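Enquirer: Below is a structure I'd like to ask you about.
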Amino acid sequence: MKLDGQDVPDRCITPHEPQSIRDAVHHDLKLSQAIYEHVDTIARRPGADPQDQVPFAKYARAAESLLKPSSAARAVASGAPFIERVDLLVKLISHQLGAPNAEIDPTVQIVDQKLNEKIVVGGSGSA
């Protein structure tokens, strides 16, 4: 998911129905901020410029008006067996840098589960 240019793990994808970006961010604002700060820290390690970072308060304000799920969540809900996996990328890089995040791993597991529901063994990927 990308919001104001910042990639974040897609918490719009849930075990059930997708949720809006607003709900994903504002349901637990402290958790959202912790994840946001973790992603920012990970992005800075290989050289991202801190001046390019959008402050969390601005990110959260922008999310208030985003009443639909992310495009990735909508694609999964529509049956897409494959999507761009920012969540997985963040997890893999975090682990590689020795800085795993206990809040990102469950998101990756949920997205994996939802995508695996769409994969048909020996098929084209459509259910």
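Enquirer: Are there any pairs with C-beta distances below 6 angstrom linking a residue in the range 57-71 that is over 17 Å from Asp40 (Cβ atoms) and modelled with pLDDT under 95 to a residue that is surrounded by 13 or more Cβ atoms within 10 Å (Cβ to Cβ) and among the β-branched types (Val, Ile, Thr), with the two at least 6 apart or on different chains, and if so which?
Expert: Partner pairs satisfying both residue conditions: Ser70/Ile21.
Enquirer: Identify, by number, the condition in (1) under 19 Å from Ile13 (Cα atoms); (2) in contact with a strand residue (DSSP E or B) (Cβ under 9 Å, 6 or more places away or on another chain) that Gly79 doesn't meet.
Expert: So the condition that Gly79 fails would be (2).
Enquirer: Restricting to the range 55-74, and then to whatever is touching a strand residue (DSSP E or B) at 6+ places or on another chain (Cβ under 7 Å) and within 21 Å of Arg85 (Cα to Cα), can you tell me which residue is surrounded by the fewest Cβ atoms within 10 Å (Cβ to Cβ)?
Expert: Our first condition is that a residue be touching a strand residue (DSSP E or B) at 6+ places or on another chain (Cβ under 7 Å); within the range 55-74, this holds for 59, 62-63.
Checking the rest, the ones that are also within 21 Å of Arg85 (Cα to Cα) come to 59, 63.
Values: Tyr59: 19, Ala63: 21.
Taking the candidates together, the pick is Tyr59.
Enquirer: Further question on the same structure: Pairs only if they're at least six apart or on different chains, beta carbon under 7 angstrom, first in the range 112-127 and over 13 Å from Ala77 (Cα atoms), second modelled with pLDDT of 75 or more and among the acidic types (Asp, Glu); list them, first residue then second.
Expert: Close Cβ pairs satisfying both conditions: none exist.
The values are calculated or read from the model by the stated rules, or taken from the named source; none is laboratory data. Everything numeric here is computed off the predicted structure, so don't read it as measured data. Neighbour counts are summed over all protein chains in view; Cβ atoms, including those assigned to glycine, are modelled from backbone coordinates with ideal geometry.
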